[in-house]
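A.B. asks: Let me begin by handing over the structure; questions about it come next.
The values are calculated or read from the model by the stated rules, or taken from the named source; none is laboratory data. This one's a predicted model, so the numbers in the text were calculated from it and none came from an experiment. Cβ placement follows ideal geometry from the backbone for every residue including glycine, while neighbour counts extend to all protein chains displayed.
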Amino acid sequence: MVYTVGEISKKLGIPASTIRYYDKEGLLPFVERSSGGIRMFKEDDIPGLEIIECLKKTGMPIKEIKHFIDYCVEGDSKIDERLSIIEAQKNAVIKQMKEMQSMLDMLNYKTWYYQTAKEAGTCAIHDRMDLKDVPKKYHRYKLPKSSAIIPMTSKTVSW
């Protein structure tokens, strides 16, 4: 089966403009064109589009994706280079995931913090709260009372 840009866009959930951009940047050398210049995508092209989209979503710059695609086109002689690129990106994603988990942990803590404050009617509840009253998973966020209020000009802010 052959797909147009619009059809492959719908099939993969990638905007048609993004697919055209990828083509303009040289990321789709495997895509054939009709005699009228229309891009014709085959089922065999889908994995290529999926890896491009995956690499892009992981934050890899288009220039680096282009290097990867070029190595794919060169064939088996560039397996080591392709593996190196994929491993490096995988490690970058693992690092991003750890950072994101840390951010999610902080947001979970702040959700608990503000839910507790809402129930008490004040954030000051946390100034009087003993560490034993804080869920253990949030102990690392519980600041000493002297650090909980940060001076801001003439006012203080309770975070």
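Let's see how each residue does on (1) among the hydrophobic types (A, V, I, L, M, F, W, C); (2) loosely packed, with under 13 Cβ neighbours inside 10 Å; (3) within 23 Å of Met97 (Cα to Cα):
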residue	(1), (2), (3)
Phe30	yes, no, no
Ser34	no, yes, no
Ile46	yes, no, no
Leu49	yes, no, no
Ile62	yes, no, yes
Ile65	yes, no, yes
Tyr71	no, no, no
Glu74	no, yes, no
Ser77	no, yes, no
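A.B. asks: Which condition from (1) in a loop (DSSP other than H, G, I, E, B); (2) modelled with pLDDT of 95 or more; (3) of a type in the set (Gly, Ala, Ser) is the one that Ser17 breaks?
C.D. replies: (1)
A.B. asks: Still on this model: What's the number of the condition Ile62 fails, among (1) more than 25 Å from Val5 (Cβ to Cβ); (2) at pLDDT 95 or above; (3) aliphatic (A, V, I, L, M)?
C.D. replies: (1)
A.B. asks: Next question. Which one of the conditions (1) surrounded by 11 or more Cβ atoms within 10 Å (Cβ to Cβ); (2) closer than 20 Å to Asp44 by Cβ does Ile85 fail to meet, given that it meets all the rest?
C.D. replies: Tallying (1) surrounded by 11 or more Cβ atoms within 10 Å (Cβ to Cβ); (2) closer than 20 Å to Asp44 by Cβ, Ile85 fails exactly one: (2).
A.B. asks: Another question, then. Pairs only if they're at least six apart or on different chains, beta carbon under 6 angstrom, first in the stretch 90-106 and free of Cβ contacts under 8 Å to residues at least 12 places away in the same chain and closer than 18 Å to Leu55 by Cα, second part of a helix (DSSP H, G or I) and polar (S, T, N, Q); list them, first residue then second.
C.D. replies: No pair meets every condition.
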